[in-house]
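Read through the structure below, which is laid out as structure tokens, and then see the notes.
The values are calculated or read from the model by the stated rules, or taken from the named source; none is laboratory data. Remember, it's a predicted structure, so these values are computed and weren't measured experimentally. Cβ placement follows ideal geometry from the backbone for every residue including glycine, while neighbour counts extend to all protein chains displayed.
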Amino acid sequence: MSQPDVLIVGGGIGGLALALSCHQAGIPARVFEAAPEILPLGVGINLLPHAMRELSELGLQPALAAKCIETRELAFYSRHGQFIYKEPRGRHAGYDWPQLSIHRADLHEVILAAVRARLGKDSVRLGHRVTRIDQDSNGVTLHFDAAEPARGKVAIGCDGIHSAVRRQLFPGEGAPKYSGVNMWRCVVRWPAYLGGDTMVSTGWMTVGKTVIYPVRPPDASGRPLINWVAEIERPEAVRQDWTGRGRLSDLMPAFAGLKFDWLDITGMMESTEEILEYPMVDRDPLERWTFGRITLLGDAAHPMYPRGSNGAGQAIVDARFLTGQIRKLGASAQALEAYEKVRGPATAKVVLTNRSDPPDAILREVWTRSGGQRFERIDDVISKAELQAISDRYKKVAGFDRETLKSMPSFV
């Protein structure tokens, strides 16, 4: 590849999706990743229909389908195991695209393999930690701590919540904001539950909330790989490190005795060998994230609470929309401004809604109205129409209500 037009800082989900999208549009691009090697990091992730629309247009759906679970429904239960609400998801809800639950490492592997196959092995350069970005009227120059500078027309910071590019643009911003909730995220082989393709959320964060879903098909023993997340309100945040190790004792006794007819949650937790801990954090929406020929994308631009299965999806949509603007306006400051003009307000709404009224507000409402006690009938606590309204509002804010998504023209 000769000098690329688009220099992508960060080889995560958003950066790689941008590289693939640029290639599809005939725009030369290259990815610069700080890590010296690609490791299988993270745990489970959900790809909602708006993300799958974009990944399908990139031809990735068959490869992803081989490694994931297609989610059939989302269900909510009280801390006592009492049913609250459920709804079909993805194609089971009439969408043209599925909702997929997948291990983040599997998702990253599929996208990275596609980038290297289509753009060439040199398209993702590892061990390139950006120290500074300069720009002039003709382009940008990336400077690295241990490599020669790279020249291009625009630079896109896709380097996550602790973005080096964002630090250059906002040097005094400080650390992400702690929500008052800590999370423990893990995967474990465990027997299937509720048909083997249901995403479940239980309890509430005051006393302990869980999110549970399968992310890999069953192994030889017949057990799928289950992702579980435990969330609880705590006055102090744990360390902000996606690979930070947690202890089972940190979760107890809040999550002790959670054994429902269809799933022994406590037993599943106790059988997990490696527990990752992380505080639930985000940042206030920015008034702008584009400065001339430099812009931000994904968590670098709009980190959000993981309360709507939406972080990766919004990064993927960013990548596709940005590519469309570069295709129309060239790799220019004008294209980056056009991208921010649309995606800035859209993602700000998601960030703020994830704080106040995400899908798990269903659990909050039931917990508050029932006082955390058992109930005879869920209809005595809250109506099904109210519960569905919470879910439907979020779909509109996040950009994946069915009719809007179906009628929306392709971004690229």
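Could you say which residue among Asp134, Asp122, Asp145 is surrounded by fewer than 17 Cβ atoms within 10 Å (Cβ to Cβ) and out of contact with any strand residue (DSSP E or B) (no Cβ under 7 Å at 6 or more places or on another chain)?
None of the others qualify; the one that does is Asp122.
If I ask for residues that are farther than 20 Å from Ile212 by Cα and among the charged types (D, E, K, R), which ones from the range 54-90 would you list?
Glu54, Glu57
Residues of the range 223-240 being modelled with pLDDT of 95 or more and among the small types (Gly, Ala, Ser), which ones?
Ala230
Just to verify a result, which residue in the range 67-96, among those that are under 20 Å from the mean Cα position of the chain (by Cα) and among the small types (Gly, Ala, Ser), is surrounded by the fewest Cβ atoms within 10 Å (Cβ to Cβ)?
Ranking the qualifying residues of the range 67-96, first place goes to Ala75.
Looking for whichever is touching a Phe, Trp or Tyr at 6+ places or on another chain (Cβ under 9 Å), surrounded by 24 or more Cβ atoms within 10 Å (Cβ to Cβ) and of a type in the set (A, V, I, L, M) here; the options are Val43, Val9. Which one fits?
Numbers: Val43 fails: surrounded by 24 or more Cβ atoms within 10 Å (Cβ to Cβ).
After ruling out the rest, the residue left standing is Val9.
Output the residue which, of all residues in the range 269-312 that are touching a Pro at 6+ places or on another chain (Cβ under 7 Å) and closer than 30 Å to Asp136 by Cα, is surrounded by the most Cβ atoms within 10 Å (Cβ to Cβ).
Among those residues, the one meeting the criterion is His302.
Does the range 14-25 contain any residue that is touching a Leu at 6+ places or on another chain (Cβ under 8 Å) and more than 30 Å from Ile294 (Cβ to Cβ)? Step through it out loud before you land on a result.
Just the residues of the range 14-25 that are touching a Leu at 6+ places or on another chain (Cβ under 8 Å), to begin with: 14-21, 23-24.
Now narrow it down to the ones that are more than 30 Å from Ile294 (Cβ to Cβ): none.
No: zero hits.
Looking only at the range 179-186, decide whether some residue is touching a residue at least 12 places away in the same chain (Cβ under 8 Å) and in contact with a Gly (Cβ under 8 Å, 6 or more places away or on another chain). Steps first, please.
Residues of the range 179-186 touching a residue at least 12 places away in the same chain (Cβ under 8 Å): 179-186.
Filter once more, so that each one left must be in contact with a Gly (Cβ under 8 Å, 6 or more places away or on another chain): 184-185.
Within the range 179-186 (the criterion being touching a residue at least 12 places away in the same chain (Cβ under 8 Å) and in contact with a Gly (Cβ under 8 Å, 6 or more places away or on another chain)), the answer is yes, since at least one residue qualifies.
Could we say that Thr141 is β-branched (Val, Ile, Thr) and out of contact with any Leu (no Cβ under 8 Å at 6 or more places or on another chain) here? Steps first, answer last, please.
On the way: β-branched (Val, Ile, Thr): yes; out of contact with any Leu (no Cβ under 8 Å at 6 or more places or on another chain): yes.
Against the criterion (β-branched (Val, Ile, Thr) and out of contact with any Leu (no Cβ under 8 Å at 6 or more places or on another chain)), Thr141 qualifies.
What single numbered condition from (1) buried (at least 22 other Cβ atoms within 10 Å of the Cβ); (2) among the hydrophobic types (A, V, I, L, M, F, W, C); (3) farther than 27 Å from Thr295 by Cβ fails to hold for Ile111?
So Ile111 meets the others, but not (3).
Report yes if some residue within the range 154-170 is crowded, with 22+ Cβ neighbours inside 10 Å and part of a helix (DSSP H, G or I); otherwise report no.
yes
Any idea which residue in the range 190-241 is surrounded by the fewest Cβ atoms within 10 Å (Cβ to Cβ), counting only those that are under 17 Å from the mean Cα position of the chain (by Cα) and over 23 Å from Glu73 (Cβ atoms)?
So the residue we want is Asp241.
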